[in-house]
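*Asks:* Below are the structure tokens for one structure; questions will follow.
Every read-out reported here was derived from the displayed coordinates using simple, explicitly stated rules and does not represent laboratory data. Given the structure is predicted, the values throughout are model-derived calculations rather than measurements. Positions of Cβ are generated from backbone atoms using ideal geometry, with glycine treated the same way; all protein chains shown enter the neighbour counts.
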Amino acid sequence: MSEGQIDEGLRAELQRQGIWVTSMQELYNWGRKNSIWPLQFGLACCAIEMIAAAASRYDIARFGGEVFRPSPRQADLMIVAGTVTKKMAPQIVRLYNQMPDPKYVISMGACAISGGPFKQGYNVLKGIDRYIPVDVYIPGCPPRPEALLHAFMELQRKIDSQKLSGENKAEFLKPEQPSEFPVPEFGEHDLNPPANPKTYRPPKLERA
Amino acid sequence: MTPDPYLFIVIFAGVALMFPLLPLGLAWMWRRFFQPPKPGAQKNAIYECGVESVGEAQIQFRSQYYLYAIIFLIFDVEAVFLVPFAVAFSGLPLGAFIAILVFLLLLIEGLVWAWGKGCLNWGPTRTGT
């Protein structure tokens, strides 16, 4: 709800009387956050935890995310579950590009965040956020299904707080914000380019 | 006064029409007023599991594979009958034994016929017509 449209007290009072007042933005975000459809793919062992989260014991369906789509055209969320090899990175970025807006990315596990235990490997991408924007990071090797569910809830919180209009509206609603990101190509020794400088903001190391 | 019995058909038709049109219309309005369109070369490209598609999608396949598949299917079904036949083999009466033999012979004869027709040849040259 944008500010100043309805008094919160009046709203609560109306709700007590059985009248439910909402705004377009709240309705839209409510629908969106409760039906996040992930793209169905797994890269490494984190995918097993993702599968466990989708199965009956952890049951991601409680959060509306059980509809794993085999096509990026129908997916809202990309769960990068596992080690991204340099061979696989262009395909991941291309799949992300083929998803329609609004789209979100969960970087699951140490490998997808930074390369994890294989960071020194010549063939491992050191974090998927070098090429595509990531919304939620889950640490762990692998993270347990509960951690994925927590990330899912964090993403729901983020979606719920996105604005439809105004100056600081959601990124995907801004026409100048790109929906596609350049796909890296295989270079002689590394992917070319090694990172997309427009999306990749490496943490700065500051010594005190 | 009872309503016209055809009225229900009109109501059903209206609901059937509105059910798909309403979400489509809402989606169109959403795109019109909120979501800026962001088409792109890769977004509109053919989905091939993330790999770039090669060549044209509308190419001609050899029909030879179809014949192979049909012959395989027949013998696949035969295997389903052969397993209970083998399990019950020692206790089978003579009539049942002859019946299954006739079944097998019919299939073998079909295979020989297909062989003679050249269906098992996987090459550019076709023998037989």
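*Asks:* When only DSSP loop residues count, what chymotrypsin sites (Phe, Trp or Tyr not before Pro) in the range A:48-87 have their Cβ near at most 10 other Cβ atoms within 10 Å? Don't jump to the answer; show the numbers that get you there.
*Replies:* Numbers: sites: A:Tyr58, A:Phe63, A:Phe68; in loops: A:Tyr58, A:Phe68.
When the chymotrypsin sites (Phe, Trp or Tyr not before Pro) of the range A:48-87 are filtered for loop state and at most 10 Cβ neighbours within 10 Å, nothing remains.
*Asks:* Which of the trypsin sites (Lys or Arg not before Pro) found in the range B:4-90 are in a DSSP loop and have at most 11 neighbouring Cβ atoms, other than their own, within 10 Å?
*Replies:* Details: sites: B:Arg31, B:Arg32, B:Lys43, B:Arg62; in loops: B:Lys43, B:Arg62.
Filter output for the range B:4-90: B:Arg62.
*Asks:* Find how many whole Å separate the alpha carbon centroid of the range B:39-80 from the alpha carbon centroid of the range A:134-206.
*Replies:* Centre-to-centre distance over Cα atoms comes out at 35 Å.
*Asks:* Give me the percent of DSSP beta bridges within the protein assembly as shown that run antiparallel, rounded to the nearest 5.
*Replies:* Values: 3 of 13 bridges.
Counting only bridges with both partners in the protein assembly as shown, antiparallel ones make up about 25 percent.
*Asks:* Turning to a different aspect of this structure: Quote the relative contact order of chain A in percent (integer), defining contacts as alpha-carbon pairs under 8 Å separated by 6+ residues. Before the final figure, lay out each step's value.
*Replies:* On the way: 337 pairs, mean separation 40.7, N = 208.
Value for chain A: 20 percent.
*Asks:* Determine the alpha carbon to alpha carbon distance for each of A:Lys119/B:Lys38; A:Lys119/A:Lys169; A:Lys87/A:Lys198; A:Lys158/A:Lys204 and list only those over 32 Å.
*Replies:* Flagged as over cut-off: A:Lys119/B:Lys38; A:Lys119/A:Lys169.
*Asks:* Give the average, rounded to an integer, of partner chain Cβ atoms located within 10 angstrom of each Cβ in A:67-77. If you can, show how the numbers build up before the last one.
*Replies:* Working: counts 0, 0, 0, 2, 2, 4, 2, 0, 0, 0, 0.
Partner Cβ neighbours, averaged per residue: 1.
*Asks:* As an exercise, identify the chymotrypsin sites (Phe, Trp or Tyr not before Pro) in the range B:48-129 lying in DSSP coil whose Cβ has no more than 12 other Cβ atoms within 10 Å. Walk me through the numbers on the way to the answer.
*Replies:* Numbers: sites: B:Phe61, B:Tyr65, B:Tyr66, B:Tyr68, B:Phe72, B:Phe75, B:Phe81, B:Phe85, B:Phe89, B:Phe97, B:Phe103, B:Trp113, B:Trp115, B:Trp122; in loops: B:Phe61, B:Trp122.
Counting only loop positions with at most 12 other Cβ atoms within 10 Å, the chymotrypsin sites (Phe, Trp or Tyr not before Pro) in the range B:48-129 are B:Phe61, B:Trp122.
*Asks:* With the cut-off at 1.5 for a/c, could you classify the range A:73-166 from its C-alpha gyration tensor as rounded, prolate or oblate?
*Replies:* Oblate shape, in that a/c is at least 1.5 and b/c is the bigger or equal ratio.
*Asks:* Taking H placed 1.01 Å from N in the peptide plane, check which residues at least 5 places from A:Val105 or on another chain put their amide H under 5 Å from its amide H.
*Replies:* Distant-sequence amide H within range of A:Val105: A:Met78, A:Asp135, A:Val136.
*Asks:* If we count every other residue with Cβ under 12 angstrom of A:Phe152's Cβ, Lys/Arg +1 and Asp/Glu -1, where does the sum land? Let's see the in-between values first.
*Replies:* Numbers: positive: A:Lys33, A:Arg62, A:Arg157, A:Lys158; negative: A:Asp59, A:Glu66, A:Asp76, A:Asp135, A:Glu146, A:Glu154.
Summing Lys/Arg as +1 and Asp/Glu as -1 gives -2.
*Asks:* Starting at the first residue of the range B:12-23, write each ³J(HN,Hα) from the Karplus equation 6.51 cos²θ - 1.76 cosθ + 1.60 with θ = phi - 60°, in whole Hz, x for Gly and Pro.
*Replies:* 4, 4, x, 5, 4, 6, 6, 4, x, 6, 5, x
*Asks:* Sort B:Leu120, B:Leu107, A:Leu155 so the one with the fewest other Cβ atoms within 10 Å of its own Cβ comes first. All intermediate terms of the calculation are to be shown ahead of the outcome.
*Replies:* Values: B:Leu120 13, B:Leu107 16, A:Leu155 22.
By the 10 Å Cβ count, ascending: B:Leu120, B:Leu107, A:Leu155.
*Asks:* Still on this model: Can you run phi through the Karplus equation (6.51, -1.76, 1.60; θ = phi - 60°) for the range A:105-114 and list ³J(HN,Hα) in whole Hz, with x for Gly and Pro?
*Replies:* 10, 10, 8, 9, x, 4, 5, 5, 6, 9
*Asks:* Based only on other Cβ atoms within 10 Å, what is the fewest-to-most ordering of A:Arg207, A:Arg11?
*Replies:* On the way: A:Arg207 3, A:Arg11 16.
Listed from fewest to most nearby Cβ atoms, that is A:Arg207, A:Arg11.
*Asks:* Something else now. Which of B:Val87, B:Val112, B:Val15 moves the most in a Gaussian network model of chain B with Cα springs under 10 Å?
*Replies:* Result: B:Val15 has the largest fluctuation of those listed.
*Asks:* Please arrange A:His150, A:His189 by how many other C-beta atoms lie within 10 Å of their C-beta, fewest to most. Before the final figure, lay out the partial values.
*Replies:* On the way: A:His150 14, A:His189 9.
Exposure proxy ranking, most exposed first: A:His189, A:His150.
*Asks:* Still on this model: To the nearest 10 degrees, how steep is helix A:45-54 against the longest Cα principal axis of chain A, on a 0 to 90 scale?
*Replies:* Approximately 20 degrees, to the nearest ten.
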